[in-house]
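Structure first, commentary second.
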Amino acid sequence: MSSVLGALGTPFQPLPRAGSATRLPFHIDLGPYRMSVEFREPQEMSDRRRRLACVNIEDQRIELRSDLSGLKLVEAFFYALIRLSHFSKGCQQGCVEEAYTHSFATGMVEFAQRNAKAWIWFNLRLNEHLPQDMQYDRYVCGVAPAPALPSSVDLDGRDVPVRILSRAQAGNALGWYDFDRREVQLYEGLNGANVPIVALHEITHALHHAHGLRQRDRERNFVRAQLKGWLAIMLRDPHTWRWLAWAMSFPHKASVV
């Protein structure tokens, strides 16, 4: 097993242009790992291909190329977060689609719960790239009123409905993605952390479906679909992301009714 988890093809202060490593003002706790987040010169990246980001498990750090800024920096950080989420949950090449779906959903909620500074930074940077201020940072800090559950999710220009199920309709499940109807379905009695986890889980199924992934696909295809697909939701469907980000921040207040 490699100690460097692959590679991807604005912090609070200007990025350094020289020096070996400068840290962002936070670290990441996920699963059993506590990772520093550092800018590195291209020739100093642990991955020999010197791409934009990599997760160095052996040295416990996330490495971001020092010349990144704007949306490229957000994308590189999110890529590293997805890779670390899967690795920390034991999800790797050979796992089925359901495993990649759930490790993404639980990893994102854990990230939001355990890493307040990084979570606020991530949402601030996202908000900078919206055509209007959707106040992502205010929602994750709890200074804006609870947003409404979206009635649909925009996936590559297609509206995927979100339907609420009764107990009789849901059976023993907390949620479903109906592949035939292309519909996300959530049990009306969801509470606590189950609200954002199940919502993320079922929307990720929809995203995998939209990207044509198979039950047993390559890990890089799952990672690429989650990276591109969720970034598109964050930037093109801010009403959905605002609700999800708030629910991840305050699961004890969240509900689907």
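The values are calculated or read from the model by the stated rules, or taken from the named source; none is laboratory data. Just so it is clear, the model here is predicted, and its values are computed rather than measured. Glycine also receives a Cβ, built like all others from the backbone with ideal geometry; neighbour counts cover every protein chain displayed. Just so you know, the surface numbers come from the protein's heavy atoms only, side chains and all, with ligands and any DNA or RNA stripped out. Shrake-Rupley method; radii C 1.70, N 1.55, O 1.52, S 1.80 Å.
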Restrict the search to region 171-233; then list the GluC sites (Glu not before Pro) that DSSP places in a loop and that have at most 14 other Cβ atoms within 10 Å of their Cβ.
E188
Accessible area per residue in Å² at 1.4 Å probe, computed on the chain:
45
Counting only protein heavy atoms and a 1.4 Å probe, tell me what percentage of region 190-239's accessible area is made up of carbon and sulfur.
44
Note, ³J(HN,Hα) from phi for region 105-116, Karplus 6.51, -1.76, 1.60, rounded to Hz, x at Gly and Pro:
4, 5, x, 5, 5, 4, 4, 4, 6, 9, 9, 4
Among the listed pairs K117/K253; K89/K253; K72/K253, which are separated by more than 23 Å between their Cα atoms?
K89/K253; K72/K253
Mind checking region 24-77 for GluC sites (Glu not before Pro) that DSSP puts in a loop (not H, G, I, E or B) and that have at most 13 other Cβ atoms within 10 Å?
E58
